[in-house]
2 protein chains.
Amino acid sequence: MQWRFARRAEGSVSSAVREILKVTERSEVISFAGGLPAVESFPLEALREASRRVFEGDDAESALQYATTEGYAPLRQWIAARLSRDGVSIDPRQVLLTTGSQQALDLIGKALIDPGDRVLVETPTYLGALQAFRLYEPDFVSLPSDDQGLDPEALNAALLDGAKCLYTIPNFQNPTGRRLPLARRQALAALAEQRGLTLIEDDPYGELDYQGAHLPSLLALAPRNTLHLGSFSKVLSPGMRLGYVVGPVEVIDKLVQLKQASDLHTAGLTQRIVFEAVKDGLLERHLPQVRKLYARRCEAMLDALARHMPQGVHWHRPEGGMFIWVELPAGVDASLLFERAIAEDVAFVPGAPFYANQAELNTLRLAFVTVDELRIEAGIARLGALLGEMLEAEPASVVGLEV
Amino acid sequence: MQWRFARRAEGSVSSAVREILKVTERSEVISFAGGLPAVESFPLEALREASRRVFEGDDAESALQYATTEGYAPLRQWIAARLSRDGVSIDPRQVLLTTGSQQALDLIGKALIDPGDRVLVETPTYLGALQAFRLYEPDFVSLPSDDQGLDPEALNAALLDGAKCLYTIPNFQNPTGRRLPLARRQALAALAEQRGLTLIEDDPYGELDYQGAHLPSLLALAPRNTLHLGSFSKVLSPGMRLGYVVGPVEVIDKLVQLKQASDLHTAGLTQRIVFEAVKDGLLERHLPQVRKLYARRCEAMLDALARHMPQGVHWHRPEGGMFIWVELPAGVDASLLFERAIAEDVAFVPGAPFYANQAELNTLRLAFVTVDELRIEAGIARLGALLGEMLEAEPASVVGLEV
């Protein structure tokens, strides 16, 4: 039997990160590769108790029956109220629950992207979004970005012309850890309104702000132009697969139709467990501990980088989130470092798959949240030593591109 | 802000059934409309206990963390072993867990269907499959079908030429309740192997056989050509959103890549709860009760139809599943009957949305499993009386097509 795949599927490949994660499952590996939250950050006891309440409540059978595509009404209300904190008024009808926010990316691609449509993305950007959108065959345009994220001033007519939508992670971006400053958010919102541009604001990390210095969302600044994606993965549990997308009702209605065809609805059980968990303020009690844990590990990694990295290596100090982005000296291929590191039981993700177009091969992403401080120190020391050896002993092989 | 949707999404509409279900939510409505299993068939106590074991087990944190796209390994093994009962040997690597089997339909459409590809379907067929596939812009070909399901002898070269895949529900089909006889299964399997045709075998109702007369699956008869879809929705709980697709490893690998982009993976919590529930033989204890309940309600509806339907109305006696398909006298539009019925608090689904191409408007689907016997009798009596009135008093308006 000769299987013929559709054109859109032929080019699809497994996520580089997920393939790397398989290599790093051995417990002796110090892995900075995964984008996973720390297991010790899960409010296991609260979720267990919430689950018990759902199963023992009057409404248990409804949790097990088919349900509306839009999602569990009390949870939609809770999300709308929480987002309204930013000063924008969100109606529950603007909220669609999704099977992780990854599904929201897929639904948005399905709803908006025709083959050849120009989709603007940050440089680099979240590879799961590239994966989701790529199936709908867009033309990705990589936007000029710097240490503060994408630069609205660099968005000239040539870049914007005919652009359908702009995908951005304004808070503690994956993979760079960058946060977009307020002035740039305002400029981007104004630009979107002026040009009728759709902003796809992906915000899984916004609650992981170490200092509690919350910035307004693009949803709040340009509500008519923004599809805002949120998730319970980084604040409660990713295994629940619970995310949401918020936007104008006419777009949400279309996404609901597409979600019907995609999975009918997201599990009623997980929606109710999460609602039972959060309705009485669990996040307010729980998140400060998560932020503190992540801030401590971030600090440990920044210290270790400063101590162990050879000259010419650069990185950014994140104000929240889970990632540090590292730039190696020009011409050094991070995938060669990866091969040597994995042989010595240290893992990370080379930067290349995060680029929609021309990749900068001398970049890599370090995730610090799942590794304790001692192992962070040990892992970064090993990486630094390996990199030092590569730079000194074998410049020809590591800077292959320039030799 | 002017939203421009992608071409594939522009034509999408909400499922007719889901829209009808919204109308029928009032408790005074006797609804034969939903494709929902009976709430009293859910093994609530067993699922509650399974959930407790997952949350209190050593592995609870893994249930809440990100997981592999393929699904929870012990559940993949359990499914592979169960399907191997049919005499075909299934490897767990051939099993992909999905967010309901609706997601498997979406992933298969994504993987296989290019715009304009010929996709063969039964007449009528499951409208959720039409919805899922339609987004990938196929050319649907409606196959000749009779009281025993699709007729392989009628599949001539003109129908088969250039066909990419054939979608079928061989067991107690939605919407007709028909089951494909063994000889037709064998003929279809032989045809598929001979012509390199992909069979998409959707089997949510196979376990709901009232007499326990199990027939071999197409997966068992043509394993190299078949993608087999299964679901826990009708045997445990649809709100869990847990289904699976089984097929050749090379196709499953592609579906895994596409699922990564669609929702990363299905909730680890629901997968473990279902595995905890079924691993010790729950289905063997539980399903006989469900079959008995559904057989009793089916019999009650067949009796009521025989008593109350006017002459010229035909229906099929199902051997399992949840549906009875009714054909009204030629020219009678079931949607007109629907309007009158809903005004008198009885609901069903008119047949039109189940047709990929030319609809037969004088058809309708009755679901009997969620309504108790007294209300079945009352509802069918009301329908019969309404139909009798329509046929006698206003022939011009009800047989509009022929006047």
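Determine which member of the set A:Arg85, A:Arg76 is basic (Lys, Arg) and open to solvent by 50 Å² or more (accessible area, probe 1.4 Å). Step by step, each of A:Arg85, A:Arg76 is checked, and only A:Arg85 is basic (Lys, Arg) and open to solvent by 50 Å² or more (accessible area, probe 1.4 Å).
Any residue in segment A:296-303 that is open to solvent by less than 30 Å² (accessible area, probe 1.4 Å) and without any contact (Cβ under 8 Å) to a residue 24 or more places away in the chain?
Yes; the residues of segment A:296-303 include at least one that is open to solvent by less than 30 Å² (accessible area, probe 1.4 Å) and without any contact (Cβ under 8 Å) to a residue 24 or more places away in the chain.
For first residues located in segment A:156-170 and more than 24 Å from A:Pro181 (Cα to Cα), partners that are basic (Lys, Arg) and surrounded by fewer than 24 Cβ atoms within 10 Å (Cβ to Cβ) and lie 6+ apart or on another chain with Cβ distances below 7 Å form the pairs A:Gly162/A:Arg118.
When B:Ala104, B:Ala80, B:Ala73, B:Ala111 are checked against the criterion of being at the interface with chain A (Cβ under 8 Å from one of its Cβ atoms) and within 28 Å of A:Arg18 (Cβ to Cβ), a single residue qualifies: B:Ala111. Considering segment A:8-37, the residues that are in contact with a Pro (Cβ under 9 Å, 6 or more places away or on another chain) and within 20 Å of B:Glu250 (Cα to Cα) include one that is farthest from the other protein chains (Cβ to nearest Cβ), namely A:Ala16. Residues of segment A:8-40 that are in contact (Cβ under 8 Å) with a residue 40 or more places away in the chain and either within 20 Å of B:Ala111 (Cα to Cα) or open to solvent by 30 Å² or more (accessible area, probe 1.4 Å) (or both): A:Arg8, A:Ala9, A:Gly11, A:Ser12, A:Ser15, A:Ala16, A:Val23, A:Arg26, A:Glu28, A:Leu36, A:Val39, A:Glu40.
Answer with yes or no whether A:Val245 is touching a helix residue (DSSP H, G or I) at 6+ places or on another chain (Cβ under 7 Å), more than 10 Å from every other protein chain (Cβ to nearest Cβ), under 17 Å from A:Gln77 (Cα atoms) and open to solvent by less than 10 Å² (accessible area, probe 1.4 Å). Yes. Within segment B:115-149, the set of residues being among the aliphatic types (A, V, I, L, M), within 13 Å of another protein chain (Cβ to nearest Cβ) and in contact (Cβ under 8 Å) with a residue 60 or more places away in the chain comprises B:Leu127, B:Ala129, B:Leu130, B:Leu135. Taken together, B:Leu336, B:Leu328, B:Leu293 contain a single residue that is away from every other protein chain (no Cβ under 14 Å), among the hydrophobic types (A, V, I, L, M, F, W, C), within 19 Å of B:Lys234 (Cα to Cα) and touching a helix residue (DSSP H, G or I) at 6+ places or on another chain (Cβ under 8 Å), which is B:Leu293. Looking only at segment B:328-338, decide whether some residue is within 23 Å of B:Ile20 (Cβ to Cβ), assigned to a helix (DSSP H, G or I), touching a residue at least 60 places away in the same chain (Cβ under 8 Å) and among the aliphatic types (A, V, I, L, M). For segment B:328-338, residues within 23 Å of B:Ile20 (Cβ to Cβ), assigned to a helix (DSSP H, G or I), touching a residue at least 60 places away in the same chain (Cβ under 8 Å) and among the aliphatic types (A, V, I, L, M): present. Residue count for segment A:269-294 satisfying the condition of being crowded, with 23+ Cβ neighbours inside 10 Å and not assigned by the TED database to the domain that holds A:Tyr205: 1.
Of the residues A:Ile273, A:Ile252, only one is closer than 23 Å to A:Gly109 by Cβ and part of a helix (DSSP H, G or I); which?
A:Ile252
Look at (1) under 30 Å from B:Tyr136 (Cβ atoms); (2) outside the structural domain of A:Ala63 (by the TED database) and you find that A:Asp303 fails only one, number (1). Applying the condition of being at the interface with chain A (Cβ under 9 Å from one of its Cβ atoms) and of a type in the set (A, V, I, L, M, F, W, C) to segment B:44-65 and asking which residue is nearest to B:Val278 (Cα to Cα) yields B:Leu47.
Here is a yes/no grid of residues against (1) touching a Cys at 6+ places or on another chain (Cβ under 8 Å); (2) of a type in the set (A, V, I, L, M, F, W, C); (3) within 25 Å of B:His214 (Cα to Cα):
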position: B:Gln260; (1), (2), (3): no, no, no
position: B:Ala267; (1), (2), (3): no, yes, no
position: B:Glu276; (1), (2), (3): no, no, no
position: B:Glu284; (1), (2), (3): no, no, yes
position: B:Ile324; (1), (2), (3): yes, yes, yes
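When you go through B:Arg85, B:Arg48, B:Arg26 one by one, which is the residue that is at pLDDT 95 or above and basic (Lys, Arg)?
After applying the criteria, what remains is B:Arg48.
All told, A:Gln77 falls short of being under 18 Å from A:Leu199 (Cα atoms) and either within 25 Å of the chain's Cα centre (by Cα) or among the charged types (D, E, K, R) (or both). Residues being at pLDDT 95 or above, part of a helix (DSSP H, G or I) and in the same structural domain as A:Leu75 (by the TED database) are represented in segment A:228-238 by at least one member. Could you figure out which of (1) open to solvent by 10 Å² or more (accessible area, probe 1.4 Å); (2) in the same structural domain as B:Tyr210 (by the TED database); (3) at negative phi isn't true of B:Leu264? Unmet condition: (3). Of the residues making up segment B:190-222, those that are open to solvent by less than 40 Å² (accessible area, probe 1.4 Å) and either farther than 18 Å from B:Gln173 by Cα or basic (Lys, Arg) (or both) are B:Leu191, B:Ala192, B:Gly196, B:Leu197, B:Thr198, B:Ala220, B:Ala222.
Residue-wise test of (1) modelled with pLDDT of 95 or more; (2) outside the structural domain of A:Asp139 (by the TED database); (3) closer than 18 Å to A:Leu283 by Cβ.
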residue	(1), (2), (3)
A:Lys164	no, no, no
A:Tyr167	yes, no, no
A:Thr176	yes, no, no
A:Arg179	yes, no, no
A:Ala183	yes, no, no
A:Gln186	yes, no, no
A:Leu197	yes, no, no
A:Pro204	yes, no, yes
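Scanning segment A:88-114 for residues that are closer than 14 Å to B:Lys110 by Cα and without any contact (Cβ under 8 Å) to a residue 60 or more places away in the chain yields a count of 1. Residues in segment B:33-46 that are among the hydrophobic types (A, V, I, L, M, F, W, C) and closer than 10 Å to B:Met322 by Cα: B:Leu36, B:Ala38. For A:Glu250, the conditions (1) of a type outside the set (Val, Ile, Thr); (2) facing chain B (nearest Cβ under 8 Å); (3) over 30 Å from B:Leu130 (Cβ atoms) all hold with the exception of (3).
The values are calculated or read from the model by the stated rules, or taken from the named source; none is laboratory data. Note that the structure is a prediction, hence the values are computed from the model and not measured. A quick note on method: Cβ atoms are made from the backbone with ideal geometry, for glycine too, and the neighbour counts reach across all protein chains shown. All accessible areas refer to the heavy atoms of the entire protein, side chains included, with ligands and DNA or RNA removed. Shrake-Rupley method; radii C 1.70, N 1.55, O 1.52, S 1.80 Å.
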